[in-house]
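Reading through the structure tokens given below for one structure.
Bear in mind that the values in this text are calculations on the coordinates, not laboratory data. These numbers come from a predicted model, not from an experiment. Glycine also receives a Cβ, built like all others from the backbone with ideal geometry; neighbour counts cover every protein chain displayed.
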Amino acid sequence: MLKTTSERLGGLFSYSNLLSCFYQTLTAGIVIACAYYLLLATQENLEARHIESGFSFLTQEAGFPIGDSLISYSPSDSYGRALLVGIINTFVAAILCIFLATIVGIVMGVAQVSGNPLIARMAEVYVEVMRNIPVLLILLFVYGVVLVGLPSVKQAIEFIPDGFLSQRGIFVPRPIAGDNFIYLMLSLGLGIIGTVFFLKWAKKTLDATGKSYPTIWISLALVIIPPVITQAVFNDVLTWEAPELKGFNFKGGWVFRPEFAALVFGLVLYRGAFIAENVRSGIVSVQKGQREAATALGLSSDRTMRDVVLPQALRTVIPSTTNDYASLVKDSSLAIAIGFPDMVSIGGTMIGQNGQAIEVIAIWMGVYLCINLIISLLMNIANNKFQLVER
Amino acid sequence: MKKLAVNKSTGKKISGMMIAGLALFATQASAGTLDDVKARGHINCGVSEGVPGFSNPNSDGVWSGLDVDMCRAVSAAIFGESDKIKFVPLASKQKILAVVTGQVDLTSRTTTWTMKRDTKEGVDFTTIVFYDGQGFMTRKDLGVSSAKELDGATVCVTSGTTTELNLADFARANNLNFEPVVFEGKKEAVNAYRSGRCDALTTDNSQLASFRTTMPDPSAHVVLPEVISKEPLSPLVKHGDNQWKDLVTWTINGLITAEELGVTQKNVSNLAEAQRNNPTVQRMLGASGEYGSYIGLENNWMVNAISAVGNYGEIFDRNLGKDSPLNLPRGTNALWQDGGLMYVAPLR
């Protein structure tokens, strides 16, 4: 039944429409007024209590030391730079945790539905135990075990040549670029280009003839072998700076401190269990017929899982895993309990010194929000891509 | 972006800080703190999470220590009873904020009186109850005899304190390199030191002495001789409530004056009778003058305070000095007449 224009316009300006418009405007107005009032009252209270406000403190000298920094930092640098150190630490820890937790999650998730009852039960026990313990306890436990379990710095274990393990952390040799380093980069670049062409060719061959190659191993060889040959043939390509025990501690080399290691290990153990559960439920949600069809076509169980089941499982796995990634990033703020200088730990020090809690908390919220929005964005893109695969 | 669900397990520390921070929103200026306290029937007193000798719950869960006794004295001065207190354990970085937001009425928590805190952070300090200084504790087997030999050492430290800043200043001034490991709480820092994560632990010397007693073998640890900072510790209150600040200040001043005058927990009840000719004693114990009313209390406020916790010397000996496991010497915390720094304005 078609309505005339006047009827439609009349509908637009009808009594009920106007009323609902009025209520919506009123609600929005009240919310804005409340926010404005809170802002004014906060400013007034801060002034009445002689507390500085604003972000100008970020340029002042921080004055406190930070133990673990990826960029150069000294106590005479500004609060802004100190906070940047923390943000970078949070970011690096979060990215590394997400990467490792995903691997743990996929392995454990697949293991849970494995036909081997021993593996399946063990994976189940892991998931159930980790999911049901508060993450803070896991972190404290891991950190405690790390500290008690490792030898003192004087009795450090040399687990690889020039690599030392002690209560001060894991020290490994640091690569230093020599004069001929450019050749190494070139050979690596050639290896990667070669791999891309190989993968394209392998896919074409697979589609055309059904003949498949061990692509993973060949790709790895293509990427790794050329740089290794370069290193052997040319002089002064890459040298290693070995850590050395001097005085109280090792000097030189790369170090992973116990706090960082415990944080990453603890968060990965915890969040990996959730992701494993997502993966398991994703796999279970794939219709049995798909697997039976793949088996009927003569695909091995490995390839059935990799090429048939997992791609379809991803559709249910991705949305819930996005949430887990977001939680993981937020959980990284617990780093403070085990002495890792993440953004929250460093911001806390700044609050202790300045009393400017609102500003620092606003920065914390902003950074977490940004990180999680980026994750959400990337995961939504991935999600859309996999949703299209549906047939 | 709808996938960005709120997760319950967000760090509890953050939410704690946020509540404290949000408390700054829209709180109306109240009547005086004293009126609030009287109406409420108890004081909210901010203390540490456990520093033996200063504030620490004993095996029965009763808080004790020098800082705790300051709160008890204030409670006794107001209510006549020393247990009208709710103790609120605070992390280092909360100690200022908690008092600014009114979460506690006073913080008595080994807090150093600094210019910035006094002028820029919305709090006022009352009276110095302990003259401290920052030092270092190391294991004896490291063979270190001076903090200046600690170049390259890993040092455990607590966040949100002047300790962190002093450590950096000391390192810069002496061209040393420390690798700090910063912990949220004292307990975590001490545990990390005990397990060998750090070569040295740094905090105020009195606390080092306190933590040393908690080590499995105290004699294996040594407090180095350097004192790298001045740490005058004082209870603090919200800026701008002068009546409340006066009350806390003069109650503590009274405890120190009581030691000067020889007024003790035992003799306080009949000393006003016994020393009729000592005008200072008469004024302090409310037998003459209206001194209690100047700070909005009964005139026998100091009688109540002293009978609850004793004079400053008794408080010190019981919690930190010769009657305690810490057995700290009075040192700079002796009365001025005994060569120490304890010197307060006269009660008159």
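A Cα-only calculation for the stretch B:306-348 places Rg and Dmax at 11.4, 37 Å. The mean count of C-beta atoms from other chains within 10 Å of the C-beta of residues in A:340-352, rounded to a whole number, is 6. Of the residues B:L297, A:A313, A:L40, the one whose Cα sits farthest toward the positive end of the charge dipole of the protein assembly as shown, with +1 on the Cβ of Lys and Arg and -1 on the Cβ of Asp and Glu, is A:A313. Projecting label points 7 angstrom from Cα along Cα→Cβ for B:D60 and B:N177 puts them 5.4 nm apart.
What's the ranking of A:130-140, B:110-120, B:71-81 by average number of surrounding C-beta atoms within 10 Å, highest first? Before the final figure, lay out the partial values.
On the way: A:130-140: 16.5, B:110-120: 18.1, B:71-81: 23.7.
The most tightly packed comes first, giving B:71-81, B:110-120, A:130-140.
Just the ratio, please: alpha-carbon radius of gyration of chain A over 2.2 N^0.38 Å, N its number of residues. Working shown, then result.
Values: Rg = 28.0 Å, N = 391, 2.2 N^0.38 = 21.3 Å.
Compared with the compact-globule rule of thumb, chain A sits at 1.32.
At an R0 of 30 angstrom, the distance between the Cβ atoms of B:Q337 and B:K266 translates into a FRET efficiency of 0.90. Mark the label point 7 Å from the Cα of A:L186 along Cα→Cβ and return the residues of the stretch A:210-229 whose backbone N is within less than 20 Å of it. A:222-229, by backbone N distance to the label point. Note on A:62-72: average number of Cβ atoms from other chains within 10 Å of each residue's Cβ is 5.
With the cut-off at under 12 Å, measuring from each backbone N in the stretch A:46-76 to a point 7 Å along the Cα-to-Cβ line of B:K120 picks out A:51-63. In the protein assembly as shown, taking the dipole from charged Cβ atoms about the Cα centre, the farthest positive-side position among B:A274, B:L335, B:T101 is held by B:T101. Compute the angle between helix B:242-261 and the longest alpha-carbon principal axis of chain B, please, reported from 0 to 90 degrees and rounded to the nearest 10. Helix B:242-261 and the main axis of chain B meet at about 80 degrees. Near A:I71, once Lys and Arg are set to +1 and Asp and Glu to -1 for all other residues with Cβ below 15 Å from its Cβ, the sum equals -2.
Computing FRET efficiency as 1/(1 + (r/R0)^6) for A:D236 and A:I193, where r is the C-beta to C-beta distance and R0 is 25 Å, gives about 0.50. Treat the stretch B:134-229 as a sphere of radius equal to its Kirkwood radius over Cα pairs and apply Stokes-Einstein at 4 °C in a medium of 1.567 mPa s; give the translational diffusion coefficient in µm²/s, rounded to a whole number. Translational D for this selection: 100 µm²/s.
Largest GNM mean-square fluctuation across B:T33, B:T162, B:T214, computed for chain B with C-alpha springs under 10 Å, falls on B:T214. Excluding residues fewer than 8 places away in the same chain, name every one of the lysines whose C-alpha is closer than 24 Å to that of A:K385. In chain and number order, the partners are A:K200, A:K203, A:K204, A:K288, B:K2, B:K3.
Of all the options A:V85, A:V329, A:V237, the one that moves most in a Gaussian network model of chain A with Cα springs shorter than 10 angstrom is A:V237. Beta bridges assigned by DSSP with both partners in the stretch B:134-229 are antiparallel in approximately 55 percent of cases. The average projected area of the protein assembly as shown, computed from the convex hull of its Cα atoms over all directions, is 46.1 nm².
Per residue of A:42-48, count partner chain C-beta atoms within 10 Å of its C-beta, then hand back the mean as an integer. Display every interim value, and only then the final one.
Values: counts 6, 1, 2, 10, 3, 0, 4.
Average neighbour count from other chains, rounded to a whole number: 4.
Let's see if you can work this out: charge +1 on each Lys and Arg Cβ, -1 on each Asp and Glu Cβ, no other charges. What is the dipole magnitude of the protein assembly as shown about its Cα centre, in debye to the nearest 20?
Numbers: 61 positive and 63 negative charges, 522 e Å.
Using Cβ point charges on Lys, Arg, Asp and Glu, the protein assembly as shown gives about 2500 debye.
Can you work out D for chain B in µm² s⁻¹ from Stokes-Einstein, where Rh is the Kirkwood radius over C-alpha pairs, the temperature is 20 °C and the viscosity is 1.002 mPa s? Taking Rh from Cα pairs, D becomes 100 µm²/s. With a threshold of 26 Å on the Cα-Cα distance, the over-threshold entries among B:K38/B:K95; B:K93/B:K230; B:K38/B:K186 are B:K38/B:K186. Measuring r between the beta carbons of A:K288 and A:Y213 and using R0 = 22 Å, the FRET efficiency lands at 0.15.
So how do B:D35, B:D169, A:D68 line up by other beta-carbon neighbours within 10 Å, fewest first?
Working: B:D35 13, B:D169 17, A:D68 22.
In order of increasing Cβ crowding within 10 Å: B:D35, B:D169, A:D68.
For the stretch A:176-240, go through all pairs of different Cα atoms, get the mean of 1/r, take its inverse, and jot down that Kirkwood value in Å.
Averaging 1/r across every pair of different Cα atoms and inverting gives 12.9 Å.
Which of A:S345, A:S20, A:S376 ends up with the largest GNM mean-square fluctuation for chain A, with Cα atoms connected below 10 Å? For chain A, modelled as a Gaussian network with Cα springs under 10 Å, the answer is A:S20.
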